[in-house]
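This report concerns only the one structure given below.
The values are calculated or read from the model by the stated rules, or taken from the named source; none is laboratory data. Bear in mind that the values here come from a model prediction, so they are computed numbers and not experimental data. Neighbour counts are summed over all protein chains in view; Cβ atoms, including those assigned to glycine, are modelled from backbone coordinates with ideal geometry. The area values use the complete protein model at the heavy-atom level, side chains included, leaving out ligands, DNA and RNA. Shrake-Rupley method; radii C 1.70, N 1.55, O 1.52, S 1.80 Å.
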Amino acid sequence: MPFPVYVRNIVKNSSRAEKLCCLVALPVLITCVTLIVLFAVQANNNPEALHSVTVGLKEPWYLRRGDWHAMSPHRIEFLELPVSYVIIGHAASHYCNQLYPCIEQMLLIQEAFMRRGMNDIGPNFLVGGNGYVFEGRGANVLGAMVTSWNKKSITIMFMGNYVVDMPDQAQFDHINVLLDVLVKERVLRSNYTLYAQCQVKPHTYAPGRHITERMKNFPHWNPVNISGCLI
Ligand SMILES: *[C@@H]1O[C@H](CO)[C@@H](O)[C@H](O)[C@H]1NC(C)=O
Ligand SMILES: *[C@@H]1O[C@H](CO)[C@@H](O)[C@H](O)[C@H]1NC(C)=O
């Protein structure tokens, strides 16, 4: 029996009450299905789903927010991934090269940023002496370092003031390990470009001459506008 004939037979053999029931049930069913489809489409459109990306680094020198007892951020905005740039700055804070003094510095730096009305500590990641790398805002969170670049870059700060302090090789090596992981996890494009902060914000010191002199330690460094860096 063809489908339309089958349906006509059912309708003919149904009572008034049954027909009325159907008439009410049909729009409800259609609404439900539409809503389910809409929710499914919306969930798929959320870039990276709306949560923080946890970097899959399991090294004794890598400390997540929980490890350094970070305060909760006031607000989180997410980056659209992948991004194409990495900006290197410094905190212009006290230098540290041991775990607990560096954790203490992290707490002081976060407090200073939030006291100035920021949502959280500024950069995505920070690095202390001896290569202790700290999760700052995190991998896919919009950072606060150079206004016009925040939406398109991952920002990393050396802890200390490298106009006077000296960086060590572990700091460069561990940042490069972190950046490789960020490429693997599609936070960064594989052809990303890395700049010192003073290259994109001319006539400033950050990250300090002892780092800008050693930018060749970063394979993705582009030296354009390095003359804008004060020494
Ligand atoms: C990097 O790769 C993307 C595509 O993956 C391309 O659109 C972009 O132009 C490349 N950028 C550079 C600087 O080569
Ligand atoms: C380098 O400087 C030129 C001229 O001021 C500017 O147009 C360009 O955007 C700068 N490049 C970067 C990466 O900031």
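At a glance:
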| item | result |
| --- | --- |
| Matching residues in the stretch 189-224 - criterion: being more than 16 Å from ligand 1 (Cβ to nearest atom), of a type outside the set (D, E, K, R) and within 16 Å of residue 176 (Cβ to Cβ) | 196, 207, 211, 215, 217 |
| Residue list for the stretch 186-205, filter: within 24 Å of residue 95 (Cβ to Cβ), within 14 Å of ligand 2 (Cβ to nearest atom) and not basic (Lys, Arg) | 194, 195, 196, 197, 198, 199, 204 |
| Residue 201 of a type in the set (Lys, Arg), surrounded by fewer than 15 Cβ atoms within 10 Å (Cβ to Cβ), in the same structural domain as residue 138 (by TED's automatic domain parsing) and out of contact with any Lys or Arg (no Cβ under 9 Å at 6 or more places or on another chain) | no |
| Total residues in the stretch 145-166, condition over 13 Å from residue 87 (Cα atoms) and open to solvent by 20 Å² or more (accessible area, probe 1.4 Å) | 5 |
| Inter-residue pairs, beta-carbon under 6 Å, first more than 13 Å from residue 222 (Cβ to Cβ) and in the stretch 190-211, second within 16 Å of ligand 1 (Cβ to nearest atom) and in a helix (DSSP H, G or I), 6+ apart | 190/183 |
| Boolean, residue 115 is out of contact with any helix residue (DSSP H, G or I) (no Cβ under 8 Å at 6 or more places or on another chain) and of a type in the set (D, E, K, R) | yes |
| Top-ranked residue of the stretch 115-163 - restricted to ones that are farther than 19 Å from residue 185 by Cβ, in a loop (DSSP other than H, G, I, E, B) and aliphatic (A, V, I, L, M), ranked as farthest from the chain's Cα centre (by Cα) | 163 |
